[in-house]
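**Q** Got a structure here, written out as structure tokens. Questions coming.
The values are calculated or read from the model by the stated rules, or taken from the named source; none is laboratory data. Because the structure is a prediction, the values reported are computed rather than measured. Glycine also receives a Cβ, built like all others from the backbone with ideal geometry; neighbour counts cover every protein chain displayed.
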Amino acid sequence: MSASKSASKRPTYITMCARAMTANKKSRKGTSRAAVKNHMAATYAFDPQTWAIRNALNKGVADGHWTQDGARFHLTSSGKSLGK
């Protein structure tokens, strides 16, 4: 199976980031990049690229899906709809 076929079965990085933040409800401080990466690796069984996670998180902040507080991210109401 080629890489493009296996990658097409996964959601986008922004959707995976939103789902990781939704799954990390126990943290009142927010979700870190490392926690997002660990959730992606465990849930989707692949090694996520650090640069792609960083770009997705930055795009999510710019689009208003989540806010950034230092090195942690908090979902907004529009981001919660992404994670479903």
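**Q** May I ask you to verify whether THR12 is in contact (Cβ under 8 Å) with a residue 12 or more places away in the chain, polar (S, T, N, Q) and loosely packed, with under 13 Cβ neighbours inside 10 Å?
**A** It is true that THR12 is in contact (Cβ under 8 Å) with a residue 12 or more places away in the chain, polar (S, T, N, Q) and loosely packed, with under 13 Cβ neighbours inside 10 Å.
**Q** Another question, then. Tell me which of these TRP66 doesn't satisfy, since it passes every other one: (1) at pLDDT below 90; (2) touching a Gly at 6+ places or on another chain (Cβ under 8 Å).
**A** Only one criterion is unmet by TRP66, namely (1).
**Q** Name the residues in the stretch 37-83 that are charged (D, E, K, R) and within 12 Å of ALA18 (Cβ to Cβ), would you? Please lay out each step first, then the result.
**A** Of the stretch 37-83, the ones charged (D, E, K, R) are 37, 47, 54, 59, 63, 69, 72, 80.
If the condition is that a residue be charged (D, E, K, R) and within 12 Å of ALA18 (Cβ to Cβ), then LYS59, ASP63, LYS80 are the ones that fit.
**Q** Quick one: what pairs do we get from the stretch 24-35, first residue crowded, with 16+ Cβ neighbours inside 10 Å and modelled with pLDDT of 90 or more, second of a type in the set (Phe, Trp, Tyr) and outside any loop (DSSP other than H, G, I, E, B), C-beta under 6 Å, 6+ apart or different chains?
**A** Listed pairs, sorted by first residue: GLY30/PHE73; THR31/PHE73.
**Q** Separate question: Of all residues in the stretch 36-72, which are more than 19 Å from ARG10 (Cα to Cα) and either out of contact with any helix residue (DSSP H, G or I) (no Cβ under 8 Å at 6 or more places or on another chain) or surrounded by fewer than 17 Cβ atoms within 10 Å (Cβ to Cβ) (or both)?
**A** The first filter runs over the stretch 36-72 and keeps only residues more than 19 Å from ARG10 (Cα to Cα), leaving 58, 61-72.
Of everything in the stretch 36-72, those that are more than 19 Å from ARG10 (Cα to Cα) and either out of contact with any helix residue (DSSP H, G or I) (no Cβ under 8 Å at 6 or more places or on another chain) or surrounded by fewer than 17 Cβ atoms within 10 Å (Cβ to Cβ) (or both) turn out to be ASN58, VAL61, ALA62, ASP63, GLY64, THR67, GLN68, ASP69, GLY70, ALA71, ARG72.
**Q** How many residues does the stretch 3-23 contain that are among the polar types (S, T, N, Q) and either modelled with pLDDT of 90 or more or assigned to a loop (DSSP other than H, G, I, E, B) (or both)? Talk me through it step by step, then tell me what you get.
**A** Taking the stretch 3-23 and keeping what is among the polar types (S, T, N, Q), we get 4, 6, 8, 12, 15, 22.
Filter again for either modelled with pLDDT of 90 or more or assigned to a loop (DSSP other than H, G, I, E, B) (or both), leaving 8, 12, 15, 22.
Looking only at that region, the number is 4.
**Q** So is ASN58 at pLDDT 95 or above and among the polar types (S, T, N, Q) or not? Before you say what the answer is, go through the steps one by one.
**A** Working: at pLDDT 95 or above: yes; among the polar types (S, T, N, Q): yes.
When the stated conditions are applied, ASN58 passes them.
**Q** Please go through the stretch 40-62 and pick out each residue that is without any contact (Cβ under 8 Å) to a residue 12 or more places away in the chain and either touching an Asp or Glu at 6+ places or on another chain (Cβ under 7 Å) or not aliphatic (A, V, I, L, M) (or both). If you could, list the steps in order and put the result at the bottom.
**A** Going through the stretch 40-62, the residues without any contact (Cβ under 8 Å) to a residue 12 or more places away in the chain turn out to be 41-42, 45, 47, 49, 51, 58, 62.
Hits for the stretch 40-62 are ALA41, ASP47, GLN49, TRP51, ASN58.
Let's see how each residue does on (1) touching a Ser or Thr at 6+ places or on another chain (Cβ under 7 Å); (2) not charged (D, E, K, R):
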{"site": "THR15", "(1), (2)": "no, yes"}
{"site": "LYS25", "(1), (2)": "no, no"}
{"site": "LYS29", "(1), (2)": "no, no"}
{"site": "VAL36", "(1), (2)": "no, yes"}
{"site": "ALA42", "(1), (2)": "no, yes"}
{"site": "ASP47", "(1), (2)": "no, no"}
{"site": "ASN55", "(1), (2)": "no, yes"}
{"site": "ALA71", "(1), (2)": "yes, yes"}
